[in-house]
Ligand code: PAF
């Protein structure tokens, strides 16, 4: 695995690969790898000749009171894990490399990013869309891989790729969970023992909602009430939002439709956690 820190060098290396007709799979990350990240890299490995992963904790997608400074980092461990799954290039740019000078051009995906997490994190998705566009322009991948845990990010990137005519295929990869159901996240590191136990209620509430839909419940208010009742039993969990929405534009649905996304975010101690379930074919 080659570790590269400059835009010039990664471009030169990937140009060579492309000249020899190889397809490039790209997994953009902020590091602190867990099985969720590795599943994206493995998928890229299955589909593409060359796999590139980037690690860059992107300052412009964090709000002023968010966890940019404390976001977990462990480059040594990440490099080892990426190498073990067969990543070919690990791109590790510095903040100065990615944002030299004053940045005046941004990418904004409208509508989809104003709800759910976007409603509570103004500017977050503008930061994500901007860094992802920059990385796409640098890497010029054929395929890119994003986790479905951040479903809103996935649909926003898909829309951006479509609307701005990036010649890239976006692949969504299912959520990876711990054995007890907790969605894997780099931020789980912030959870104390008791908080981690309490956080399980998030997945449990999504399972409850799936069960209710399977049993024919169509009223979103009834489903939300049942979920909130369950979550309230864990006082360490502070629900930020709970949404039952369509899976393309993420607009609230009062009645369950054919494909429905149930998504939530909650604060548990120092961690802000997100989770979701996509229920198809109702
Ligand atoms: O999902 C993430 O880790 C980040 O939002 C991403 C896509 C790497 C952009 O910084």
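Every read-out reported here was derived from the displayed coordinates using simple, explicitly stated rules and does not represent laboratory data. This structure is a prediction, so every number in the text was calculated from the model and none was measured. We place every Cβ from the backbone using ideal geometry, glycine too, and count neighbours over all the protein chains shown.
Observations on the structure shown:
- Panel order for 43, 114, by other beta carbons found within 10 Å of each beta carbon, from fewest to most: 114, 43.
- Given their separation in residues at 0.36 nm each and the Cα-Cα distance between them, residue 99 and residue 255 gain 51.7 nm when the chain is fully extended.
- Within the chain, percent of DSSP bridges classed antiparallel, to nearest 5: 50 percent
- Residue 240-residue 77 FRET efficiency (beta carbon distance; Förster radius 35 Å; 0.05 resolution): 0.75
- Stretching the chain fully between residue 9 and residue 120 yields a gain of 36.2 nm (0.36 nm per residue, less the alpha carbon separation).
- Model label sites at residue 214 and residue 232, defined 7 Å from Cα along the beta-carbon direction, differ in position by 2.6 nm.
- Sorted by Cβ density within 10 Å, fewest first, the residues 29, 23: 23, 29
- Rounded to 10°, Cα long-axis angle of helix 220-232 versus longest principal axis of the chain: 90 degrees
- In this calculation the C-beta distance from residue 165 to residue 47 is compared with R0 = 22 Å, giving a FRET efficiency of 0.55.
- Summary value for region 88-226: 16 percent relative contact order, contacts being C-alpha pairs under 8 angstrom separated by 6+ residues.
- Taking all Cα pairs closer than 8 Å and separated by 6 or more residues, the relative contact order of the chain comes to 18 percent.
- Based on Cα contacts under 8 Å between residues 6+ apart, region 44-107 shows a relative contact order of 49 percent.
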